[in-house]
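Heads up, the thing below is written out as structure tokens.
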Amino acid sequence: MSERRTSIISAFLVALGPVSMALYTPAMPELVHAFGSTESAIKLSLSLYFAGFALAQLVSGTMSDVLGRRKTTLVFMMIYLAGSLMAALAPTVGVLLAGRLVQGIGASVGMTVSRAIVRDQFTGTEAARIMNMVGMMLAIGPAVSPTLGGFALGLFGWQSIFFLMVGFALAACGAVYFWMAETTIPDPAKGRVGPILRAYGELATSSRFVSATLVMAGAVGALYAQATMLPFVLIDRVGLTPTEFGVGMLMQSGFFFAGTVVVRQLMRQTPPARIVFPGLCFIGIGSILIALTSHLMEPTFLSVMGPVGIYAFGIAFVMPYMMTAAMEPFPHIAGSTSAAMGFIQMGSGFIAGLIAAAVGLPLLAFGTIIPAMGLMAIVSYAWYRAVLARDVRLTTKPAE
């Protein structure tokens, strides 16, 4: 496929998971009342989505190596469609929880296949350019989604949010069926236990892969973690309505989108690797401000979302290079590599959400967990640079 078609399809698929999460967040406080349930149970629906999304990536990534990218995507999109219908028609909170778990399983294919089809066809600056386009969609989709979800909630009720997801599933199936070409040669041998274990063993013992992926886990994982905390901070503590919350989340996505635009301009004359450090500086500043404002002052919209915006701006600088850097050495297991990266990235958000639920105080959790994730991204990048320097010394060391 052309770079443009690959960019569009990758961006659409990779955005499906975050959009399904962001579209739903304005309804979380409302669902507590709709089902006569508890805040903890509704938070669990998001945690189950995270769990399905993270764990299923290990399956969808391997399946895409075995069956091909196109067929695997269609199978998982049908699973996502089934989960959306379960949630939309849920008579009890138990069915809603099951539907969200199934949705997460189905949406997982977007993360794995989108990165794999890029690695199948492109490397270096071209790959980073496509990942930047993916980043733009990751900004636009979640930016529009809370606003759309808030309006749908106000006009038609919480079920309409899940019927919107049904529409997304049908659109994804159509796009993959009519416009996505197969980019790899399916290899059934990769579905056996031995090759699977060897593939993940190769990744687990690669310092370059692990360090680069932990940078992404701390940076992008914070976006997923925040989704479990911000609705309760901004709606319950600050006092925003669900619609106002949806509009307010434009600040996070707007800063992220602005970052992707700046990065796209910078990459015309600057190697993607040189853009990472400034991005980590923004993440560090955002982390410090989140910690200070959350612990030292009464929350307001700007005190919460201002630092979040700075953090999100930095993520846009980090994503393009670190994604391609993690996947570049492993073209022979691109699906499994993408799956492992996505699993660690989403897993970090899931674990952070569980810790936040255990803390029980959304503002305290937000002001502690998110800065810790920013610190993890910065420390992991220092490790990644040390690994690169070591590899350079080993390759240039004269033979004795």
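Observations on the model:
- In percent, rounded to a whole number, the relative contact order of the chain is 26, using alpha-carbon pairs under 8 Å and six or more apart.
- About the centre of its Cα atoms, the chain shows a dipole size close to 820 debye [charges on the beta carbon of Lys, Arg (+1) and Asp, Glu (-1) only; nearest 20 debye].
- Percent of Cα pairs exceeding the 16 Å cut-off, where the set is segment 138-228: 76
- Annotation: peptides 17-29, 155-167, 288-300, ranked by per-residue average of other Cβ atoms within 10 Å with the highest first, follow the order 17-29, 155-167, 288-300.
- A protection proxy built from the mean count of other Cβ atoms within 10 Å ranks the segments 126-134, 230-238, 360-368, 96-104, most packed first, as 96-104, 126-134, 230-238, 360-368.
- Listed values (1) 200; (2) 119; (3) 134, entry calculated as volume of the Cα convex hull per residue in Å³: (3)
- 3J(HN,Hα) along segment 264-269: 4, 6, 5, 5, 5, 9 Hz, from the Karplus curve 6.51 cos²θ - 1.76 cosθ + 1.60 with θ = phi - 60°, whole Hz, x for Gly and Pro.
- Hydrodynamic radius (Kirkwood) for segment 295-361, which is based on Cα pairs only, to one decimal in Å: 14.8
- Taking amide H atoms as placed 1.01 Å from N in the peptide plane, the amide H of Leu240 lies under 5 Å from those of Ile235, each 5 or more residues away in sequence or on another chain.
- Counting all C-alpha pairs of segment 69-228, share separated by more than 27 Å (%): 36
- Once the convex hull of all Cα atoms in segment 1-155 is built, its volume per residue stands at 105 Å³.
- Added length on full extension, which subtracts the Cα-Cα distance from 0.36 nm per residue, Glu182 to Ala34: 48.9 nm
- Extension reserve of the Val359-Arg264 stretch, reckoned as 0.36 nm per residue once the Cα distance is removed: 30.3 nm
- If you take the Cα centroid of segment 156-195 and the Cα centroid of segment 303-372, the two points sit 23 Å apart.
- Cα-projected label distance for Arg237 with Phe151, points at 7 Å along beta-carbon direction, nm: 3.0
- Span per principal axis, largest first, for the Cα atoms of segment 163-307 (Å): 58, 41, 37
- Length gained when the stretch Glu298-Asp391 is fully extended (0.36 nm per residue, less Cα-Cα span): 28.6 nm
- If you take all other residues with their beta carbon under 11 Å from the beta carbon of Tyr177, and give Lys and Arg +1 and Asp and Glu -1, the sum is +2.
- C-alpha center-to-center spacing [segment 1-73, segment 86-115] in angstrom: 7
- Integer Hz, Karplus 6.51/-1.76/1.60 couplings in order for segment 51-56, x for Gly and Pro: 4, x, 5, 6, 5, 5
- Unit charges on C-beta of K, R, D, E only; dipole of segment 40-133, Debye: 60
- Where only DSSP H runs of four or more residues are counted, the chain gives -28500 deg cm²/dmol as its mean residue ellipticity at 222 nm, each run worth -39500 (n - 2.57).
- Extreme residue, positive dipole direction of the chain, given options Ile79, Val304, Val238 (C-beta unit charges): Ile79
Where a number appears in this text, it was derived from the coordinates with a stated rule and is not lab data. These numbers come from a predicted model, not from an experiment. Cβ atoms come from the backbone with ideal geometry, glycine included; neighbour counts cover every protein chain shown.
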